[in-house]
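I have placed the structure first, in the form of structure tokens, so that the comments after it can refer back to it.
The values are calculated or read from the model by the stated rules, or taken from the named source; none is laboratory data. Bear in mind that the values here come from a model prediction, so they are computed numbers and not experimental data. Every residue, glycine as well, gets a Cβ built from its backbone with ideal geometry; the counts of neighbours run over all protein chains shown. Areas reflect the complete protein model, heavy atoms only, side chains present, ligands, DNA and RNA absent. Shrake-Rupley method; radii C 1.70, N 1.55, O 1.52, S 1.80 Å.
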Amino acid sequence: MTTFVDTDLASIAGPVLTPADPAFADEVAGFNAAIRPSPSLVVGATTTGDVAAAVRFAARTGRRVAVQATGHGLVDALDGTVLVSTRRMAGVAIDRAERTARVQAGATWRQVIDAAAPHGLAPLNGSSSGVGVVGYTTGGGLGPMARRFGFAADHVRRFTIVTADGVARDVDERCDPDLFWAVRGGKANLGIVTGIEFGLLPVARFYGGGVFFAADAAAAVLHGWRAWAPTLPDDASTSVALLQLPPDPALPEPLRGRSVVHLRFCHLGTPDEGERLLAPMRALAPALLDAVAEMPYAAIDAVHMDPTTPMPVRDRGITLATLPTEAVDALLAQTGPDAGSPLTMVELRLLGGAIAREPLSPNAVSGRHAAFSVYALGVLAGPTATAVPQRADALAAALQPWAAGEGLVNLLGPADAELVARQWGSRDRDRLRRIARRYDPAGLFAANVPLPA
Ligand SMILES: Cc1cc2nc3c(=O)[nH]c(=O)nc-3n(C[C@H](O)[C@H](O)[C@H](O)COP(=O)(O)OP(=O)(O)OC[C@H]3O[C@@H](n4cnc5c(N)ncnc54)[C@H](O)[C@@H]3O)c2cc1C
């Protein structure tokens, strides 16, 4: 490991690695294997003090600062930055009486789920429990219980953040309300969060999982879902995805190497009620596999069945204000079974319910009033790799007539500052910019969702 004489770097307890260090490549690798990060330096932070020292060093030496926990949100190579890797800061403490979790910057949702479950409590994680808590929550955080409880960011009580001046601040509704508002939705544009406290929900079990249909039922299932999903109560969340699955022996046999339609469902009422609600969708076509059942909350990954190993991918998301028949037809024309689409997944999520309700403590989360989210992803491998970005963008363009005014920054994909700016309504965007300028006047932080100056 390189030895540094710089006072700030020498004070860091965790490893500080340059590209010449053998451990550098593993330290910077993210979940998207298409991107090889190339920061000038990576700091394996172990404390808030380490993070503050890294920020001070970067500011003093004219470099930008990026932050990474799991690398699930990696969208560019972070060239020349000082990268703060938070994965060593993975502490999770549950307060059963208060129904809260206090977690460090590098914790994943799996760690929180497993710590909360013995108390009959659950967090508002997303589709994959391998995702990092802070990266997800600072982007809103839309999960399988969101229609009942809202975004993960809506439940944040306080956090500790290192701002561009290298100062660690404890922030909540009363102490620095502007920063508290902005970080909940503003990603890393305001600083590096080192710890976060949020409310947990009294959910021990759910009725849900996935039903898989053959690709030739795609039109029937998507049109059926379009009419059915908005009739659901807030206790139910659902999405539906067109998937092109690899011949992976880890997949259940009926799904291996097939194009399928994956209906996802998560219901927090009684299993009988969940079964009754799901019945119209089950009746649409014969299932290749029906894996919906009552489960402990710890099995929540069964709803989306997201991949858990890194892959080279390109993604693109947009939100819709409405989903008429014509929009489903447009989606099928671009990415349906007869479209020769190179995309591995095209997902429609139902929004609404508590997602659309302003939380008690308002925040900078965008996309709250959209009705549906569309998220497309392609694997950048094999003969169709080069066609992936173009088709993902073509899908977004084809759905523009029904686009909502705001988007979901967590599910946006690589975007320039102009596209990022369009994810917020003008009032929130201007407020976010003003607060970002106040706390980071020189634009030190290189967030994966970059706010325009
Ligand atoms: C398989 C998969 C499933 C997903 N499912 C969902 C989902 O269901 N719902 C949803 O809302 N999103 C989802 N996402 C998107 C995910 O929430 C974002 O990509 C999120 O940024 C990932 O955070 P991370 O820490 O795991 O990733 P990282 O790549 O480590 O971080 C990504 C970004 O988060 C910010 N960030 C990370 N740590 C900090 C910090 N300490 N302080 C300030 N900012 C920080 C930074 O901007 C950073 O660039 C999914 C992504 C993947 C790959």
Percent of Cα-Cα pairs per 10 Å bin, from 0 to the last occupied bin, for the stretch 300-453, please list those.
10, 35, 35, 18, 3, 0
How big is the stretch 205-414 by the Kirkwood estimate over distinct Cα pairs, in Å?
17.6 Å
Among Ala107, Pro15, Phe445, pick out the residue whose Cα is farthest towards the positive end of the charge dipole of the chain, where Lys and Arg carry +1 and Asp and Glu carry -1 on C-beta, about the Cα centre.
Phe445
Compute the convex hull volume of the Cα atoms of the stretch 117-174, divide it by the residue count, and report the result per residue in Å³ as a whole number.
123 Å³
Would you mind working out the magnitude of the charge dipole of the chain relative to its Cα centre, with +1 at each Lys and Arg C-beta and -1 at each Asp and Glu C-beta, to the nearest 20 Debye?
680 debye
Across the stretch 11-85, how large is the tail of the calculated P(r) beyond 16 Å, expressed as a percent of all Cα pairs?
43 percent
Separation of alpha-carbon centers, the stretch 166-181 and the stretch 302-363, rounded to whole Å
33 Å
Distance in nm between label sites at Asp114 and Ala29, each 7 Å beyond Cα in the beta-carbon direction?
2.0 nm
If I compute solvent accessible area with a 1.4 Å probe over the protein chains, what percent of it on the stretch 1-57 is carbon and sulfur?
59 percent
Averaging over every viewing direction, what projected area does the convex hull of the Cα atoms of the chain cover, in nm²?
20.4 nm²
Linear extension gain, Met311 paired with Glu98, 0.36 nm per residue minus alpha-carbon span
72.8 nm
Leaving out ligands and nucleic acids, and using a 1.4 Å probe, what accessible area per residue does the chain come to in Å²?
39 Å²
Restricting the calculation to Cα positions, tell me the Rg (one decimal) and the Dmax (whole number) of the stretch 235-317 in Å.
14.1, 41
With charges set only on the Cβ (+1 for Lys and Arg, -1 for Asp and Glu), what does the dipole of the stretch 77-224 come to about its Cα centre, in debye to the nearest 20?
360 debye
Here FRET efficiency (C-beta to C-beta, Thr18 to Arg276, R₀ 45 Å, nearest 0.05) is 0.15
Degrees between helix 325-335 axis and first principal axis of the chain (Cα, 0 to 90, nearest 10)
70 degrees
Report in % the part of the accessible area of the stretch 120-185 that belongs to carbon and sulfur, leaving out ligands and nucleic acids; probe 1.4 Å.
48 percent
Cα lying deepest toward the dipole's positive end in the stretch 11-85, options Gly62, Thr47, His72, charges on Cβ:
Gly62
